[in-house]
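Trainee: What follows is a structure written as C-alpha cells; I'll ask about it next.
The values are calculated or read from the model by the stated rules, or taken from the named source; none is laboratory data. The structure presented is a predicted model; accordingly, all values stated were derived computationally and were not measured. Positions of Cβ are generated from backbone atoms using ideal geometry, with glycine treated the same way; all protein chains shown enter the neighbour counts.
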Amino acid sequence: MKLQDLDIIITSPPPPGWGGRYWILVKVTTDTGVVGWGECYASSVGPDAMRAVIKDVFERHMQDENPENIELMFRRVYSSGFTQRPDLTVMGAFSGLEIACWDILGKDRDRPVYALLGGLMNERIRAYTYLYPLPDQNMNDFWLSPEMTARAAAEYVDQGYTALKFDPAGPYTIRGGHQPAMSDISKSVAFCKAIRDAVGDRADLLFGTHGQFNTSGAIRLGQAIEQFLPLWYEEPIPPDNLLEFAEVARAVRIPLATGERMTTRSEFAALLRTGGAAILQPALGRAGGIWEMRKLAAMAECYNVQMAPHLYAGPIEWAANIHLAASIPNLLIAETIETPFHDALIKSSIRVDRGFVPVPTAPGLGIDVDEDLARAHPLDTDGLHLQMQEEPCDYANGNNFIGGSPVKE
C-alpha cells in the first residue's frame with residue numbers, strides 16, 4: 001500500500017465562526033483505494049500559500065511511500081532543506097498529512113487509531129469548552145460582562161462540563177508581551193469571581209491568555225487571580241522565549257499550561273527541562289501529528305506533566321486529539337468545540353456526552369466526513385485563521401477586547 005493522491009479542501013465555517021476563519025482539510029488516498037482524512041492547523045501564511053506548502057510536502061516526502069513509515073516521513077520533513085529544527089508552517093503541513101496516514105492505517109487494519117498507539121487507556125475523555133454566548137446573549141456585550149459570562153458558565157455546567165475556559169485579560173498584539181493595564185487585571189478578577197460564584201466547586205476554571213504579557217506582567221496578573229484556584233493559567237507569555245515560563249511558574253501558584261503555538265517535541269522539551277509548564281496543550285494539526293505527540297506524552301510522564309490537547313480548529317483535528325487522549329495515561333482533559341457545523345461535518349460520529357467524549361470504536365479516526373458539506377463552504381475571507389492587533393494595550397481608556405472568535409455578520 002502506498003500513498004498516491006492528495007486533495008486539499010479549505011472550509012470556512014458559517015457564523016458564528018467558532019474554530020477559526022477556515023479549516024484546512026486534507027484527503028489522502030492510497031493506491032489500494034483507502035481514504036484517510038487529516039487537518040492542518042497552520043495559520044502563519046494564508047490558506048492559498050499553505051495549500052502549496054502541503055502539496056510540496058506530500059509530493060516531495062510522502063507520495064508513493066507506505067503510510068506505515070510515519071517515522072521515516074517525519075524525519076524527511078523535519079530535516080529537509082538542511083533544517084532539523086521546528087518549522088511551524090512545514091510541520092503544520094506534515095501534521096495534517098500524518099493524521100491522514102493514521103486514519104488510513106486504522107481503516108486498512110479495521111482498528112481504531114488508538115489501538116495502534118498502545119491500546120485503550122481512557123474510554124471517556126473529560127472535555128472542556130470555552131465560554132461562548134448563549135443564544136439570547138449579545139455577542140459583543142458578552143466578552144465584556146462577568147455577569148453574562150457567569151450565566152453561560154452555569155448553563156455549561158448544567159450540560160455536564162466540569163471545566164470552563166475564558167480569556168478576559170485584554171488584547172493580543174503584534175508587539176510582544178506587555179504589562180497588563182490595571183483595568184484588565186481588575187476585569188480578570190471580576191470574571192474569575194463571577195464565574196466561581198456561579199459554578200462553585202462543580203467546575204474548574206481555565207484562565208486563558210494568549211501570550212499577551214511580559215514576564216513581570218504575567219506574574220502580576222497571575223498573583224491577582226490565584227485566590228480563585230484556576231486549574232491553569234494558559235500561555236501567559238509569548239512562546240518565543242520558553243525559558244521565561246519557568247520564572248512565571250516559580251512566582252504564581254497556578255499550574256501553567258501552554259503549547260498551542262508550539263511544534264514538535266523538541267520545543268516542548270525546553271519546558272519540561274525547566275519546569276516551565278505543568279500542562280502541555282499541543283494542537284495535533286500543527287505539533288507534528290499523532291505519533292510525535294504520543295512521544296511527547298511519554299516524555300511528559302517522566303516530569304509528572306499532564307496533557308490537554310488543544311482545539312481551535314475543525315472536528316478532524318478534534319478526532320485526532322481524542323485518539324491520542326484515549327491512549328495515554330497522563331491525560332488531564334481535551335478541548336472541544338460544539339457547533340452544528342462541527343457536528344454535521346463528521347455526521348455526529350463523535351459527540352460530547354455530559355461533559356465527556358466517548359471514544360469512537362470505528363476503524364481509523366472513527367469519523368464519517370461529509371465531503372460535500374466541506375466543499376459547500378469555500379473560503380470567503382482573505383484573513384488568517386487567527387490574527388493579532390497592531391494597536392498597543394490602551395492604559396487610559398481600557399481594552400474592550402472582543403474575544404473568542406472572528407465573528408461574521
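Trainee: Hey, does the stretch 153-174 have a residue that's surrounded by 22 or more Cβ atoms within 10 Å (Cβ to Cβ), of a type in the set (D, E) and either under 18 Å from G17 (Cα atoms) or touching a helix residue (DSSP H, G or I) at 6+ places or on another chain (Cβ under 6 Å) (or both)?
Mentor: yes
Trainee: Quick check on my filter: what residues within the stretch 42-60 are under 27 Å from G364 (Cα atoms), in contact with a Leu (Cβ under 9 Å, 6 or more places away or on another chain) and either surrounded by fewer than 18 Cβ atoms within 10 Å (Cβ to Cβ) or at pLDDT 95 or above (or both)?
Mentor: Within the stretch 42-60, I54, K55, V57, F58, E59 qualify.
Trainee: Something else: Report, by residue number, each residue of the stretch 106-152 that is touching a helix residue (DSSP H, G or I) at 6+ places or on another chain (Cβ under 7 Å), polar (S, T, N, Q) and either over 18 Å from I350 (Cβ atoms) or surrounded by 19 or more Cβ atoms within 10 Å (Cβ to Cβ) (or both).
Mentor: T129, Q137, T149
Trainee: Looking at the structure I just gave you, is D7 loosely packed, with under 14 Cβ neighbours inside 10 Å and without any contact (Cβ under 8 Å) to a residue 24 or more places away in the chain? Step through it out loud before you land on a result.
Mentor: Details: loosely packed, with under 14 Cβ neighbours inside 10 Å: yes; without any contact (Cβ under 8 Å) to a residue 24 or more places away in the chain: yes.
Yes; evaluated as a whole, the condition is true for this residue.
Trainee: Next question, about the same structure. Within the stretch 129-136, is there a residue that is in a helix (DSSP H, G or I) and of a type in the set (V, I, T)? Steps first, please.
Mentor: As a first pass, look at the stretch 129-136 and keep what is in a helix (DSSP H, G or I): none.
No; the residues of the stretch 129-136 include none that is in a helix (DSSP H, G or I) and of a type in the set (V, I, T).
Trainee: Sticking with this structure for a sec: Collect the residues in the stretch 246-291 that are among the acidic types (D, E) and more than 14 Å from the chain's Cα centre (by Cα), keeping them in residue-number order.
Mentor: Quick first cut of the stretch 246-291, residues among the acidic types (D, E) only: 247, 260, 267.
Hits for the stretch 246-291 are E247, E267.
Trainee: Moving to a separate point now. Take the stretch 273-298 and flag every residue that is more than 18 Å from F74 (Cα to Cα), part of a helix (DSSP H, G or I) and either in contact with a helix residue (DSSP H, G or I) (Cβ under 6 Å, 6 or more places away or on another chain) or of a type in the set (V, I, T) (or both).
Mentor: Passing the criteria: only T274.
Trainee: Answer yes or no: is there a residue in the stretch 330-347 that is in contact with a helix residue (DSSP H, G or I) (Cβ under 7 Å, 6 or more places away or on another chain), buried (at least 20 other Cβ atoms within 10 Å of the Cβ) and without any contact (Cβ under 8 Å) to a residue 60 or more places away in the chain. Reasoning before the result, please.
Mentor: Going residue by residue through the stretch 330-347, those that are in contact with a helix residue (DSSP H, G or I) (Cβ under 7 Å, 6 or more places away or on another chain) are 330-331, 334, 336, 342, 344-346.
Then keep just the ones that are buried (at least 20 other Cβ atoms within 10 Å of the Cβ); that gives 334, 336, 342, 345-346.
Subset that is without any contact (Cβ under 8 Å) to a residue 60 or more places away in the chain: 346.
Checked against the condition, which is being in contact with a helix residue (DSSP H, G or I) (Cβ under 7 Å, 6 or more places away or on another chain), buried (at least 20 other Cβ atoms within 10 Å of the Cβ) and without any contact (Cβ under 8 Å) to a residue 60 or more places away in the chain, the stretch 330-347 yields at least one hit.
Trainee: Something else: Conditions: (1) closer than 30 Å to D48 by Cβ; (2) surrounded by fewer than 23 Cβ atoms within 10 Å (Cβ to Cβ). L365 meets all but one. Number of the miss?
Mentor: Against the list (1) closer than 30 Å to D48 by Cβ; (2) surrounded by fewer than 23 Cβ atoms within 10 Å (Cβ to Cβ), L365 comes up short only on (2).
Trainee: Could you give every pair whose Cβ atoms fall below 9 Å, whose first residue belongs to the stretch 28-39 and is in contact (Cβ under 8 Å) with a residue 24 or more places away in the chain and outside any strand (DSSP E or B), and whose second residue is crowded, with 17+ Cβ neighbours inside 10 Å and among the small types (G, A, S), counting only separations of at least 6 or pairs across chains?
Mentor: Within 9 Å, the pairs are V34/G364.
Trainee: Considering the stretch 72-118 alone, what residues qualify as being over 17 Å from the mean Cα position of the chain (by Cα) and within 18 Å of A334 (Cα to Cα)?
Mentor: The answer is V113, Y114, L117.
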